[in-house]
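For reference, the structure discussed in these notes is given below.
The values are calculated or read from the model by the stated rules, or taken from the named source; none is laboratory data. Computed from a predicted model, the values in this text were never measured in an experiment. Here the Cβ positions follow ideal geometry from the backbone for every residue, glycine too, while neighbour counts run over all protein chains shown.
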Amino acid sequence: MQPTHRSSRLLQPVRMGFVVFSLLLALTLSLIPAGHFLAMPDFVALVLAFWCVREPLRVGMATGFVLGLVVDVAHGAVMGQHAAAYVLLAWASLQNSRRLLWFSPGAQALHMLPLFLMVQVVMLLLRLLAGDRFPGWEYFFTCFTTAILWLPAHYLLLLPQLRPEERDENRPL
């Protein structure tokens, strides 16, 4: 079977500092007050899933747990709802990482949509168990906007790896 996505450029190894920076930036973006905008993407879930797929040996379930606890504290949410959801997201992303890399970024976004929906369902179930009321079906718009952002996030997060360390006109790669 031939891969559906081919690239003529080689990727350099990712720097762990950039991974940490992107996760902190996603955490910062998640703190933006959304008001009544129900389709606010889950930036932390997006970047966490991306790095779990791209760097499964460096970013995993422990990272998801820590980020989830930080998001729970920052949002004043039910303690552990984001942590549980992000751990499951990291696990599912790690399980599918080798298969997902064969697909184009657009197809990857379609494959990630059920995982982002799973995050929303887990958080909703934990909120309902804690006594909160059902927020309405609009609550699930977040998984769609997060999946739509997979494509631009893919190119933005891989951008630092595409630059050559030294430019040599005689070297074909």
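Give the residue, chosen from 37, 116, 43, 65, that is under 18 Å from residue 158 (Cα atoms) and not aliphatic (A, V, I, L, M). Just one listed residue meets the conditions, 43. The numbered conditions (1) out of contact with any helix residue (DSSP H, G or I) (no Cβ under 6 Å at 6 or more places or on another chain); (2) in a loop (DSSP other than H, G, I, E, B) are all true for residue 78 except (1). Look at residue 33 and say whether it is part of a loop (DSSP other than H, G, I, E, B), under 16 Å from the mean Cα position of the chain (by Cα) and more than 12 Å from residue 146 (Cβ to Cβ). Here the answer is no, as residue 33 does not meet what is asked.
Every listed requirement among (1) under 18 Å from residue 55 (Cβ atoms); (2) out of contact with any Pro (no Cβ under 6 Å at 6 or more places or on another chain); (3) in contact (Cβ under 8 Å) with a residue 24 or more places away in the chain is met by residue 144 save one, (1). Inspect all residues belonging to segment 86-99 and state whether any of them is at pLDDT below 95, in a loop (DSSP other than H, G, I, E, B) and not charged (D, E, K, R). Looking through segment 86-99, none of the residues is at pLDDT below 95, in a loop (DSSP other than H, G, I, E, B) and not charged (D, E, K, R). Taken over segment 34-52, residues that are buried (at least 24 other Cβ atoms within 10 Å of the Cβ), modelled with pLDDT under 95 and of a type in the set (Gly, Ala, Ser) amount to 0. Just one of (1) over 27 Å from residue 33 (Cα atoms); (2) modelled with pLDDT of 95 or more; (3) crowded, with 19+ Cβ neighbours inside 10 Å fails for residue 64. It is (1). Counting only residues that are buried (at least 20 other Cβ atoms within 10 Å of the Cβ) and under 13 Å from residue 31 (Cβ atoms), segment 73-88 holds 1 of them. Has segment 55-70 got any residue that is free of Cβ contacts under 8 Å to residues at least 40 places away in the same chain, over 14 Å from the mean Cα position of the chain (by Cα) and outside any helix (DSSP H, G or I)? There is at least one residue in segment 55-70 that is free of Cβ contacts under 8 Å to residues at least 40 places away in the same chain, over 14 Å from the mean Cα position of the chain (by Cα) and outside any helix (DSSP H, G or I).
Being modelled with pLDDT of 95 or more and surrounded by fewer than 16 Cβ atoms within 10 Å (Cβ to Cβ) narrows it down to one of 117, 128, 110, so name that one.
Sole residue among the options that is modelled with pLDDT of 95 or more and surrounded by fewer than 16 Cβ atoms within 10 Å (Cβ to Cβ): 110.
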